[in-house]
Amino acid sequence: MKRLSGQQIRETWLDFFKERGHSVLPGAKLVPINDPTLLWINSGVAALKQYFDGSKIPSNRRITNVQKCIRTNDIENVGFTTRHHTFFEMLGNFSIGDYFREEVISWAYDILTNEKYFALPKEKLYFTYLPTDLETLKFWKKIGVSEDHLIPLEGNFWQIGEGPCGPNTEVFFDRGDAYDPKKLGIELLRQDLDNDRYLEIWGIVFSQYNAVDGVARADYQELPSKNIDTGAGLERIASVLQETESNFETDLFYPIIEAIGKMTKYSYQENKMAYRVIADHIRTCTFALSDGASFSNEGRGYVLRRLLRRAMRFGRKIDINEPFMYKLVDSVTGIYQDFYPYINNTKIEVQRKIEAEEKRFLKTLMSGEQLLRKYIEDQPEQINGETAFKLYDTYGFPLELTREIALENNLSVDESGFKVLLEDQRVRARSARGGMQSMGRQSKDLLKEVSASTFVYDQLEIEATVTALFIEGQKVEEISSIGQVMFNQTVFYAESGGQVSDVGLIENKDFKALVSLMSKAPIGQHLHEVEIEYGELRVGDKVTLKVDENKRHLTMRNHSATHLLQAALNKVLGADIAQAGSFVGPDYLRFDFNYDGKIKDADLQEIELIVNEMIAQARPRSVHILPIKEARKLGAKSLFDEKYEDIVRVVDFKGISMEFCGGTHVENTEDIGIFLIASEHSVASGIRRIEAYTSLGAYQEVLRRASILRNSASLLKAGAISEINETLKQRLSDNAKLQNEIKTLKDKEASALSKSLRESFVVFNGIRLLIAQIPGAKREELVRLIDNLKTKYEDGVVVLLGEGATFDIVASCGKEAVNDGIFAGDLVKGLASYLGGSGGGRKDFANGGGKIVKSIRDIEIFVKGLILNE
């Protein structure tokens, strides 16, 4: 075997397949672009779906890549096993309707065993295949694999929902008897048992069938374009070539392990699980944040939040009790900067986001503890499963921490109820994933269709000829109800770049249809979704295409306004502000951009003003079609994540905005009319969103605001809208005065009561002690009394109780009492239990509640017994 670094393995892989005619594609970012079916890019093929389902044809049908992936369906297994990771890299080679079984099997054996490449011992390799896939068996034998190294398995069939699927073959490396404690040998593979001996390093899928719900696998139809999809785990291959115990000792992990070791006195050898969880999760967080994800309470942001909190909990197990994950980002970038240099550019921002999230979680832990303490006060026997799960799911509060606090209060936890709710959540998550992962079904006819289609800008009506007709992707000569139509040219804009598609009419003297949606076919033709009102449509028919003029104009105004908005943001907030997403429709516009912190009101007003000034300047629009390098030289802005053709379209509003854009726009900025910001808020960490209106939408927003102001004036009894501000100021001032008067009266009442109570202190067992019951007093008043009483005897012990069916208990212990071993938490816990309630707290201060009424004499005797430990 060759001992290769992670970087050398990547290079060897890419060079091998490049020599065999493959185009090397850069790996996609982990956050999918324009693919709502995926939470993360989770495999090498995920970023190439458009080629596999036939919606697009690649320029080269042979592709190789190294793809970053995130999978989070087995988070709990990370750290427990040596093989599971949330972030990993997949080495892939793909054929889109080009080579098939024989070539890919031959190449796989070559790169694995040839001395020029990985040089793995042939006797250590085993291969599984679908029993009915005799072709695969034949080709493995043909290249020299012996019969006893070929294992048939019924599970070797790859399918996710509807769409491309097929049998697969997998390659395993035998790590030897040391990883086979029961000495089961090859039976581990034959029986498909989970084990550490036979390590799966490569999977090859022969994507040759079209899966359809409700159809038996044996009846699946062959795909018109058969494909090869492979994936080899970089981390696993590295562990084999570097001869490590697990992936975590390879050069892809161990620098992180070493960095963790410098933060704790506990060694890796004695605490492998904690180290491994932390190392895995910091890789995931670093790359996910670098690729545009953010911490949040839903979707991928929630996954990241959960990973970070899980890592922090394991940090606590090795006595790291402060923010530390952000410090490990340097070790991650140190490992990966040669192959992924961009992570150095995002490092500082990633560190800031992680540190802020860590601090937020520490506060969350405190909030969870406070909520749990309050719950315990009213539940003297058990913490139910619903509460334990709410703490876990909402606050990120570990079950083991809930259990510890419950034990401190002599309570149990309904862990079975907790587990039921947790499993329900997992079932819902699996169901959601199951409905989101399938590819679209290939359409043989759309894949073959080559008729040209041109989009005509700046026109709303045009004559066109039908070039192709389809019903559910199948080519037909005539449609009379619902179907898809291609024309030689069109004025209907297909939804893309954040702009919604056009709608409208198609008609001639004998025919009329509604266009409800526009999309693009595999090689870019405009595909019109139509519903025929009357007549039939045939190939060769000449018709008039009419775009809905009102919707188009409103949409254009909003789209052009997003260009002006970005220019204004760059002026006010800085040149590094860049678009992070947008939506442009006829009713409003939405613009997402990178920015840390809330935008000041003054800045927001200035941004709105600048956009309206640009509109008033009546800047004409021009369009340039030119090579991408020339466009960049002109200073045209582009989306960082977008892939552009060699020739690009640039929309230029003279002197104020120049951007790559294929959308439709007004001819002059004055056509926008007016621009009005409706809201500005955060949508993720470091990402802000502005929603705004133009034209008719802006007018309607002005009317809505005026209505709100009129209602406010009426409620405040202001004479007119113009008087609202002064009237509101006066109301707030009056309210503040009343609140101060109430506070002053309460302070005087507490001061008077505390003066009388000061005379009630007694000396007991060498300390000043006061035990009193205050009729009608709630916790806030009792605390205020204790603060006043401390001024008399700072080192004394005070126990105060309210009165009623349920009542509050508070206690305070001065320094001398604490030094003598008298703790407020113990006093309240014991007294509350004696009075049918619960409570606890710190050594110097504690609170709780009771339900059983006792005489003050009985209470004094009980508390004195607690002080004497009787």
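Within region 598-639, restricting attention to residues that are closer than 19 Å to Leu565 by Cβ and of a type in the set (Asp, Glu), which residue is surrounded by the fewest Cβ atoms within 10 Å (Cβ to Cβ)?
Of everything passing the filter in region 598-639, Asp601 is surrounded by the fewest Cβ atoms within 10 Å (Cβ to Cβ).
Can you confirm whether region 535-544 contains a residue that is buried (at least 21 other Cβ atoms within 10 Å of the Cβ) and under 25 Å from Val666 (Cα atoms)?
No: zero hits.
Pairs only if they're at least six apart or on different chains, beta carbon under 7 angstrom, first in region 540-553 and in contact (Cβ under 8 Å) with a residue 24 or more places away in the chain, second in a helix (DSSP H, G or I); list them, first residue then second.
Filtered contacts from region 540-553: no entries.
Okay, residues lined up against (1) modelled with pLDDT under 95; (2) out of contact with any Cys (no Cβ under 9 Å at 6 or more places or on another chain); (3) over 20 Å from Arg283 (Cβ atoms):
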position: Asn195; (1), (2), (3): yes, yes, yes
position: Ile204; (1), (2), (3): no, yes, yes
position: Ser207; (1), (2), (3): yes, no, yes
position: Asn210; (1), (2), (3): yes, no, yes
position: Gly214; (1), (2), (3): yes, yes, yes
position: Gln221; (1), (2), (3): yes, yes, yes
position: Pro224; (1), (2), (3): yes, yes, yes
position: Leu234; (1), (2), (3): no, yes, no
position: Val240; (1), (2), (3): no, yes, no
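Mind checking which residues of region 827-870 are over 27 Å from Leu372 (Cα atoms), outside any helix (DSSP H, G or I) and acidic (Asp, Glu)?
Glu870
Is it true that Phe314 is outside the structural domain of Glu76 (by TED's automatic domain parsing), touching a residue at least 40 places away in the same chain (Cβ under 8 Å) and outside any helix (DSSP H, G or I)? Quick ask: steps written out before the conclusion?
Values: outside the structural domain of Glu76 (by TED's automatic domain parsing): yes; touching a residue at least 40 places away in the same chain (Cβ under 8 Å): yes; outside any helix (DSSP H, G or I): no.
When the stated conditions are applied, Phe314 does not pass them.
Considering only region 275-311, state which residues are part of a loop (DSSP other than H, G, I, E, B) and either among the hydrophobic types (A, V, I, L, M, F, W, C) or touching a residue at least 24 places away in the same chain (Cβ under 8 Å) (or both). Break it down into steps so the answer makes sense when it comes.
Just the residues of region 275-311 that are part of a loop (DSSP other than H, G, I, E, B), to begin with: 291-298.
Those that are part of a loop (DSSP other than H, G, I, E, B) and either among the hydrophobic types (A, V, I, L, M, F, W, C) or touching a residue at least 24 places away in the same chain (Cβ under 8 Å) (or both): Asp291, Gly292, Ala293, Ser294, Phe295, Ser296.
Against the condition under 20 Å from Ile160 (Cβ atoms) and among the acidic types (Asp, Glu), how does Asp110 come out, does it pass? Talk me through it step by step, then tell me what you get.
Details: under 20 Å from Ile160 (Cβ atoms): no; among the acidic types (Asp, Glu): yes.
Taking the combined requirement at face value, the residue does not satisfy it.
Residues to consider are Val648, Val683, Val666; find the one that is outside the structural domain of Gly498 (by TED's automatic domain parsing), of a type in the set (A, V, I, L, M, F, W, C) and in contact with a Ser or Thr (Cβ under 6 Å, 6 or more places away or on another chain).
Details: Val648 fails: in contact with a Ser or Thr (Cβ under 6 Å, 6 or more places away or on another chain); Val683 fails: in contact with a Ser or Thr (Cβ under 6 Å, 6 or more places away or on another chain).
None of the other options fit; the residue is Val666.
In region 832-860, what residues are closer than 21 Å to Asp795 by Cα, over 52 Å from the mean Cα position of the chain (by Cα) and aliphatic (A, V, I, L, M)?
Result: no residue meets the conditions.
Every residue in region 758-767 that is surrounded by fewer than 19 Cβ atoms within 10 Å (Cβ to Cβ) and either assigned to a strand (DSSP E or B) or touching a helix residue (DSSP H, G or I) at 6+ places or on another chain (Cβ under 7 Å) (or both), please.
Arg758, Val762, Val763, Phe764, Asn765
Among the listed residues Ala279, Ala232, identify the single one that is under 26 Å from the mean Cα position of the chain (by Cα), surrounded by 23 or more Cβ atoms within 10 Å (Cβ to Cβ) and assigned by TED's automatic domain parsing to the domain that holds Asp174. Spell out the reasoning first.
Details: Ala279 fails: assigned by TED's automatic domain parsing to the domain that holds Asp174.
None of the others qualify; the one that does is Ala232.
Go through (1) more than 21 Å from Leu14 (Cβ to Cβ); (2) of a type in the set (Ser, Thr, Tyr); (3) not in a strand (DSSP E or B) one by one and return the number of the condition Tyr209 breaks.
So the condition that Tyr209 fails would be (3).
Could you list, in sequence order, the residues of region 325-345 that are farther than 14 Å from Arg283 by Cα and in contact (Cβ under 8 Å) with a residue 12 or more places away in the chain? Don't jump to the end; show me each part of the working.
Within region 325-345, the first condition is being farther than 14 Å from Arg283 by Cα, and the residues that meet it are 338-339, 341-342, 345.
Correct list: Asp338, Phe339, Tyr342.
From the list Phe591, Phe660, Phe653, which one is under 27 Å from the mean Cα position of the chain (by Cα), surrounded by 15 or more Cβ atoms within 10 Å (Cβ to Cβ) and not polar (S, T, N, Q)? Explain how you work it out, then say what you get.
On the way: Phe660 fails: under 27 Å from the mean Cα position of the chain (by Cα); Phe653 fails: under 27 Å from the mean Cα position of the chain (by Cα).
Step by step, each of Phe591, Phe660, Phe653 is checked, and only Phe591 is under 27 Å from the mean Cα position of the chain (by Cα), surrounded by 15 or more Cβ atoms within 10 Å (Cβ to Cβ) and not polar (S, T, N, Q).
Being surrounded by 19 or more Cβ atoms within 10 Å (Cβ to Cβ) and in contact with a Phe, Trp or Tyr (Cβ under 7 Å, 6 or more places away or on another chain) is the filter; apply it to region 183-203 and report the residue that is farthest from Asp148 (Cα to Cα).
Once the filter is applied, the top-ranked residue is Ile201.
Give the residue that is surrounded by the most Cβ atoms within 10 Å (Cβ to Cβ), with candidates limited to residues of region 240-274 that are of a type in the set (Ser, Thr, Tyr) and touching a residue at least 40 places away in the same chain (Cβ under 8 Å). If you could, list the steps in order and put the result at the bottom.
To start, the set of residues in region 240-274 that are of a type in the set (Ser, Thr, Tyr) comprises 244, 246, 250, 254, 264, 266-268.
Add one more test, that the residue is touching a residue at least 40 places away in the same chain (Cβ under 8 Å), and what stays is 246, 250, 264, 266.
Details: Ser246: 17, Thr250: 24, Thr264: 17, Tyr266: 16.
Selected residue: Thr250.
The values are calculated or read from the model by the stated rules, or taken from the named source; none is laboratory data. Every value quoted in this text rests on a predicted model; they were computed, and no experiment measured them. All Cβ positions, even for glycine, are placed from backbone atoms using ideal geometry, and neighbour counts span all protein chains on display.
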